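A short write-up of the structure that comes next.
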Amino acid sequence: MTQCVKFEAMDKDVKQEDFQIIPPPYRIKVVELLSKEQMDIANNRERREEAIAKAGYNTFLLKEDQVYIDFLTDSGTGAMSDNQWAGMMLGDEAYAGSKNFYNLDKAVRGVYGYRYLVPTHQGRAAEHIMSELLIRPGDSVPNNMYFTTRRVHQELAGATWVDVSIDEAHDPESWHPFKGNVDLKKLQGLIKDVGRERIPYMSIESNVNMAGGQPFSMDNLSSLRQLCDEHKIPVMLDGTRLVENAYFIQRREAGYENKMVRQIVREICSYTDGITVSGKKDALVNIGGFLACNDKKLFLEAKAMVVVYEGLHTYGGLAGRDMEAMARGIYEMVQDRHVAARVNQVEYLGHLLLQAGVPIVVPVGGHAVFLDAKRFLPHIPQEHYPSQALSAALYVESGVRGMERGVVSSGRDPVTGLERKPKLELVRLAVPRRAYGCADMEFVAQAIIRLYKKRKRGCGLKMVYETERLRFFQARFKPIGGSLMER
Ligand SMILES: *Cc1c(COP(=O)(O)O)cnc(C)c1O
């Protein structure tokens with residue numbers, strides 16, 4: 001009951017009726033110039049039509065030279081600070097025991113609070129190691145929705161992925177402020193069905209990407225911890241977008257308004273036993289990741305495995321300079337003003353679209369705005385990949401690159417081979433950190449609004465090529481009935 005009262009009080013904030021811009025805490029002193037090719041693409045619709053046809057209507061297969069504004073992903077695409085670049089010059093490239101490893105170790109222990117660190121070249125490498133070590137074939141792993149690479153590694157290790165997210169997470173129109181929450185009843189049901197010993201760990205993602213960049217609440221996490229303690233199930237965090245989750249807790253959850261993001265991050269981690277992280281998001285680097293945990297046995301096993309797949313345990317597939325940049329990025333990422341300005345920029349884009357009546361996932365996510373393709377193109381059935389078609393149409397309209405997050409990303413069920421039909425059929429527009437300004441948000445919003453006005457003319461796609469796993473990266477399509485979206 002107290003929860004409901006809390007939610008009502010937060011409603012206005014979540015809906016952002018009076019939008020306020022928060023300027024970022026930096027000045028720009030170096031810029032990346034766009035190429036002549038990119039400017040041609042920006043100015044010439046025929047060139048874009050040609051490019052997307054060549055790319056099989058898959059925005060992943062476009063060359064960067066063919067993209068004007070790139071909202072494909074916020075992964076590794078952010079701008080590093082002068083402080084991080086300075087750190088790159090201090091790379092200690094010793095094979096063993098690099099200084100930069102110890103700086104990273106200190107940053108992870110200091111900011112996240114875990115005892116042991118195993119660096120990896122990316123987040124998925126950490127997921128691979130964790131899944132291999134903890135999962136036995138036939139296990140079930142509960143998750144609050146899924147992340148593509150996390151689920152694939154769970155399944156490769158022999159587990160069944162089980163969704164225990166709250167129902168609201170699957171409803172793009174629900175204003176629930178914590179759509180990343182775990183439905184404890186669903187988890188209890190799973191424990192009852194398969195037994196505690198078939199659940200190697202509870203996998204919880206911060207600021208759930210597939211739900212639209214949606215946070216869990218501290219209240220939910222602490223209850224989850226309690227339930228898992230009762231059944232002796234470890235809680236493993238995918239903390240790739242942890243600071244955005246912490247910021248939403250600061251803004252939306254009673255009792256956290258005066259806590260710093262850094263304190264909230266620490267508190268979240270304190271409820272978990274370990275973490276896998278892609279440093280390419282929160283930690284403001286172009287490459288890097290890690291696994292960290294408190295259990296010494298798991299740490300020793302992970303350390304033994306990282307040398308097989310990644311490199312020595314003091315570099316894990318990274319150069320010394322990469323570890324230094326990540327260590328410095330970890331301190332920068334938890335600064336309140338940085339997170340506030342970052343999320344605010346995403347919310348500004350969402351706000352412009354909402355005002356124009358464009359269907360997007362609400363509340364606006366922390367790292368991306370998600371167009372709701374089911375409501376945008378209701379005449380295109382899911383079998384004709386409406387999100388894929390919409391992302392291609394947006395590119396043709398504007399040179400803006402987004403990403404499909406629907407039936408294509410969901411892939412096929414490993415047992416039946418049938419396509420998984422997710423409730424959410426979305427186009428993600430992920431905003432790279434510290435790389436774009438307000439004018440870019442306005443340009444993107446205007447292009448989407450133009451597209452929305454002629455939406456009835458959009459057509460679907462058929463898939464002509466796919467890979468067995470993570471097919472969204474390389475799948476190819478053809479428009480059904482000629483052209484994608486008439487002018
Ligand atoms: C990006 C990401 C990963 C995988 O990390 P990579 O560095 O791309 O391998 C895992 N989980 C989440 C939530 C992510 O966003």
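Compute the longest continuous run of the chain that contains no exposed GluC sites (Glu not before Pro); treat a site as exposed when its DSSP state is not H, G, I, E or B and it has at most 11 other Cβ atoms within 10 Å.
258-467
Could you give the alpha-carbon Rg of the chain over 2.2 N^0.38 Å, rounded to two decimals?
Normalised Rg, Cα atoms only: 0.94.
What percent antiparallel are the DSSP beta bridges of the chain, to the nearest 5?
Given both bridge residues lie in the chain, the antiparallel proportion sits at roughly 65 percent.
Straight-line reach only, C-alpha to C-alpha below 17 angstrom: list the lysines that K63 could link to, leaving out same-chain residues fewer than 8 apart.
Straight-distance partners of K63: K36, K54.
What are the ³J(HN,Hα) values, in whole Hz, obtained from phi via the Karplus relation 6.51 cos²θ - 1.76 cosθ + 1.60 with θ = phi - 60°, for each residue of region 320-332 in sequence order, with x given for Gly and Pro?
These are the phi-based 3J(HN,Hα) values: x, 5, 5, 5, 5, 4, 5, 4, 5, x, 5, 6, 6 Hz.
Per 10 Å bin, what percent of the C-alpha pairs of region 82-333 does each bin hold, from zero upward?
8, 33, 36, 19, 4, 0
Note down the net charge around G189, summing +1 for each Lys or Arg and -1 for each Asp or Glu among other residues with Cβ under 14 Å from its Cβ.
Taking every other residue near G189 into account, the sum is +1.
How much mean residue ellipticity at 222 nm does the chain get from its helices, if each DSSP H run of length 4 or more adds -39500 (n - 2.57) and you divide by all residues, to the nearest 500 deg cm²/dmol?
Theoretical 222 nm ellipticity from helices: -12500 deg cm²/dmol.
What is the sum of charges, Lys and Arg at +1 and Asp and Glu at -1, for the other residues whose Cβ falls under 10 Å from the Cβ of S398?
Every neighbour counted, the sum reads +3.
Quick one: compute the contact order of region 255-323, relative version, from alpha carbon pairs under 8 angstrom and 6+ residues apart, as a percent.
With pairs under 8 Å counted, the relative contact order is 20 percent.
Mind scanning K280/K303; K456/K478; K29/K280; K106/K303; K179/K259; K179/K462 and naming the pairs with a C-alpha gap bigger than 25 Å?
K179/K462
For region 366-374, just list the computed ³J(HN,Hα) in residue order, Karplus coefficients 6.51, -1.76 and 1.60, θ = phi - 60°, integers in Hz, with x standing in for Gly and Pro.
So the J values, rounded to whole Hz, are x, 10, 7, 9, 10, 6, 8, 5, 5.
Residue by residue through region 44-50, which ³J(HN,Hα) values in whole Hz follow from phi under the Karplus form 6.51 cos²θ - 1.76 cosθ + 1.60 (θ = phi - 60°), with glycine and proline marked x?
Result, rounded to whole Hz: 9, 5, 4, 4, 5, 4, 4.
Rounded to the nearest whole Å², what accessible area per residue is found for region 139-263 with the 1.4 Å probe?
Result: 33 Å² per residue.
Shape verdict for region 112-209, please, from the Cα gyration tensor: rounded (a/c under 1.5), prolate (a/b greater than b/c) or oblate.
Oblate, since a/c reaches 1.5 and b/c is not below a/b.
In straight Cα distance, which lysines are under 19 Å from K454, not counting same-chain residues fewer than 8 positions off?
Excluding near neighbours in sequence, the set is K374.
Would you pull out the residues with amide H under 5 Å of I69's amide H, same chain only if 5 or more places away, H placed 1.01 Å from N?
V400, R401
Could you name the lysines whose alpha carbon sits less than 23 Å from that of K192, not counting residues in the same chain fewer than 8 places away?
Once the sequence-local lysines are set aside, what remains near K192 is K232.
Averaging sequence separations of C-alpha pairs under 8 Å and six or more residues apart, then dividing by the length of the chain, give the relative contact order as a whole percent.
23 percent
Report the far tail of the P(r) of region 43-92, meaning the percent of Cα-Cα pairs longer than 14 Å.
64 percent
Please report the spacing between the Cα centers of region 16-57 and region 120-162 in Å, no decimals.
Answer, in whole Å: 34.
Taking K and R as +1 and D and E as -1, what net charge do the other residues with C-beta under 12 Å from the C-beta of N143 add up to?
-3
Roughly to the nearest percent, how much of the accessible area of the chain is carbon and sulfur, given a 1.4 Å probe?
On the chain, the fraction of accessible area on carbon and sulfur atoms equals 52 percent.
The values are calculated or read from the model by the stated rules, or taken from the named source; none is laboratory data. The shown structure was predicted, so the numbers you read here are calculated from the model rather than taken from an experiment. All Cβ positions, even for glycine, are placed from backbone atoms using ideal geometry, and neighbour counts span all protein chains on display. Just the protein is used for accessible areas: all its heavy atoms, side chains included, with ligands, DNA and RNA removed. Shrake-Rupley method; radii C 1.70, N 1.55, O 1.52, S 1.80 Å.
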